[in-house]
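As structure tokens, the structure follows; a few thoughts come after it.
The values are calculated or read from the model by the stated rules, or taken from the named source; none is laboratory data. Values in this document were obtained by computation on a predicted structure and should not be read as measured data. All Cβ positions, even for glycine, are placed from backbone atoms using ideal geometry, and neighbour counts span all protein chains on display. Protein only, heavy atoms only, side chains kept; ligands, DNA and RNA dropped before computing areas. Shrake-Rupley method; radii C 1.70, N 1.55, O 1.52, S 1.80 Å.
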Amino acid sequence: GQSLEQPSEVTAVEGAIVQINCTYQTSGFYGLSWYQQHDGGAPTFLSYNALDGLEETGRFSSFLSRSDSYGYLLLQELQMKDSASYFCAVRSMYSGGGADGLTFGKGTHLIIQP
Amino acid sequence: DSGVTQTPKHLITATGQRVTLRCSPRSGDLSVYWYQQSLDQGLQFLIQYYNGEERAKGNILERFSAQQFPDLHSELNLSSLELGDSALYFCASSPLRGGTYEQYFGPGTRLTVT
């Protein structure tokens, strides 16, 4: 089976930096994705790591260590609008023979304080 | 706006009934995915279709079925509904067969079973 662990809630201050960790257990691992979801909204794609290292996209960066089955999402210069849930998700082999369906973690609720 | 549309936005029905949820993918996307999001189970992958054919299966119950039509829109059929089926159902699309890492989510259909 597959499982992902991430903290249920993280609190940070506006303008600061926050890191959301994710550890995973899966077979046939292809890559780790991160999605953001505001209350009542749809998940939106933030980043994807297939290889070890850091990927940077504006204020957001994502890191992957395949040997440690670990990744994190780094958010810099936090803004109030960053208050949302953040999900890590793995792409891995499914019984159907593809690598398409994502397995999501339970999500981390990020609270930004002024 | 991701370009993925879902109807209806809300659906209230009784136990034992059958409903159909509809999804239109982004223009040009051949893959459609269905996900269920509930408070206790989080976001769960149900099933994927690619260009009209079933591609991968996740945690989809036998009471649930889906199909993708020649115009690429997809329908998720839920039958013999139970209270526990109350959830947000998301459809997502992506352009590529396998190898994809970014999925575009629709706004979701909120199903309430009473």
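Taking (1) free of Cβ contacts under 8 Å to residues at least 40 places away in the same chain; (2) facing chain B (nearest Cβ under 8 Å) in turn, residue A:102 satisfies each apart from (1).
Does residue B:1 satisfy the condition of being of a type outside the set (A, V, I, L, M), out of contact with any strand residue (DSSP E or B) (no Cβ under 6 Å at 6 or more places or on another chain), within 24 Å of residue A:4 (Cβ to Cβ) and modelled with pLDDT under 95?
On the way: of a type outside the set (A, V, I, L, M): yes; out of contact with any strand residue (DSSP E or B) (no Cβ under 6 Å at 6 or more places or on another chain): yes; within 24 Å of residue A:4 (Cβ to Cβ): no; modelled with pLDDT under 95: yes.
It is false that residue B:1 is of a type outside the set (A, V, I, L, M), out of contact with any strand residue (DSSP E or B) (no Cβ under 6 Å at 6 or more places or on another chain), within 24 Å of residue A:4 (Cβ to Cβ) and modelled with pLDDT under 95.
Candidates B:102, B:82: the one that is free of Cβ contacts under 8 Å to residues at least 24 places away in the same chain and open to solvent by 10 Å² or more (accessible area, probe 1.4 Å) is B:102. Taking the conditions (1) closer than 30 Å to residue B:5 by Cα; (2) open to solvent by 60 Å² or more (accessible area, probe 1.4 Å) in turn, residue A:36 satisfies each one other than (2).
Conditions tested, residue by residue: (1) without any contact (Cβ under 8 Å) to a residue 60 or more places away in the chain; (2) surrounded by 15 or more Cβ atoms within 10 Å (Cβ to Cβ); (3) not in a strand (DSSP E or B).
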{"position": "B:32", "(1), (2), (3)": "no, yes, no"}
{"position": "B:44", "(1), (2), (3)": "yes, yes, no"}
{"position": "B:56", "(1), (2), (3)": "yes, yes, no"}
{"position": "B:62", "(1), (2), (3)": "yes, no, yes"}
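Close Cβ contacts (under 6 Å, 6 or more residues apart or on different chains) running from residues in region A:48-69 that are away from chain B (no Cβ under 14 Å) to residues that are small (Gly, Ala, Ser) comprise A:52/A:65; A:54/A:61; A:63/A:71.
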